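K.L.:
Would you mind keeping the following structure in view while I ask a few things?
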Amino acid sequence: MFGMGIYGAESSTKADQYVDSKTDRTPGKKRMLLMRMLNGKSYLCLDSNPKKYRRPPCTSSGCMRDNCVDMHDRFDSVVGDGPWLFREFVVYAVDQCYPSILSRMSECNLCVPSLPKTL
Ligand SMILES: [Zn+2]
């Protein structure tokens, strides 16, 4: 949705939506990776049909391109907060996140609480 990044969600429900398609759910336990993400300065994307970023956009209001070559500063991450229920957090470098806990669960016991909406 926001390009070729590493996606995090504020709710396990959001992450579960990406496990498999709604029409072809696979039974059994799933694995979920809880990770810490270093979002830094985030670009808040409210677009329901966002650009497919290859890296965070530049911070120059007249540019905002992910392929900027004008030496503008860049955001460190993208936060997607569109018309859907839960926000998504996207980083584009592997050193901005690290796994914390690998959890096994079934759909009925997804119990990781949502994070408060503060940035
Ligand atoms: Zn730029």
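The values are calculated or read from the model by the stated rules, or taken from the named source; none is laboratory data. All of these numbers come straight from a predicted model, not from anything done at the bench. Counting neighbours? That spans all protein chains shown, and the Cβs are built from the backbone with ideal geometry, glycine included.
K.L.:
For region 67-89, which residues satisfy the criterion of being near the ligand (Cβ under 9 Å from one of its atoms), surrounded by 14 or more Cβ atoms within 10 Å (Cβ to Cβ), in a loop (DSSP other than H, G, I, E, B) and touching a residue at least 12 places away in the same chain (Cβ under 8 Å)?
P.N.:
HIS72
K.L.:
Before we move on, is MET64 away from the ligand (no atom under 16 Å from the Cβ), of a type in the set (A, V, I, L, M, F, W, C) and either touching a Phe, Trp or Tyr at 6+ places or on another chain (Cβ under 9 Å) or in contact (Cβ under 8 Å) with a residue 60 or more places away in the chain (or both)? Explain how you work it out, then say what you get.
P.N.:
Values: away from the ligand (no atom under 16 Å from the Cβ): no; of a type in the set (A, V, I, L, M, F, W, C): yes; either touching a Phe, Trp or Tyr at 6+ places or on another chain (Cβ under 9 Å) or in contact (Cβ under 8 Å) with a residue 60 or more places away in the chain (or both): yes.
No: the conditions fail for MET64.
K.L.:
Follow-up question, since we're still on this one. Would you mind stating whether ASP47 is assigned to a loop (DSSP other than H, G, I, E, B), within 16 Å of the ligand (Cβ to nearest atom) and modelled with pLDDT under 95?
P.N.:
Details: assigned to a loop (DSSP other than H, G, I, E, B): yes; within 16 Å of the ligand (Cβ to nearest atom): no; modelled with pLDDT under 95: yes.
Answer is no for this residue.
K.L.:
Then there's this: Consider TYR7 carefully, then state whether it is in contact (Cβ under 8 Å) with a residue 40 or more places away in the chain, assigned to a strand (DSSP E or B) and hydroxyl-bearing (Ser, Thr, Tyr). So that I can check it myself, show each step before the final result.
P.N.:
On the way: in contact (Cβ under 8 Å) with a residue 40 or more places away in the chain: yes; assigned to a strand (DSSP E or B): yes; hydroxyl-bearing (Ser, Thr, Tyr): yes.
Considered against the rule, which asks whether it is in contact (Cβ under 8 Å) with a residue 40 or more places away in the chain, assigned to a strand (DSSP E or B) and hydroxyl-bearing (Ser, Thr, Tyr), TYR7 comes out as yes.
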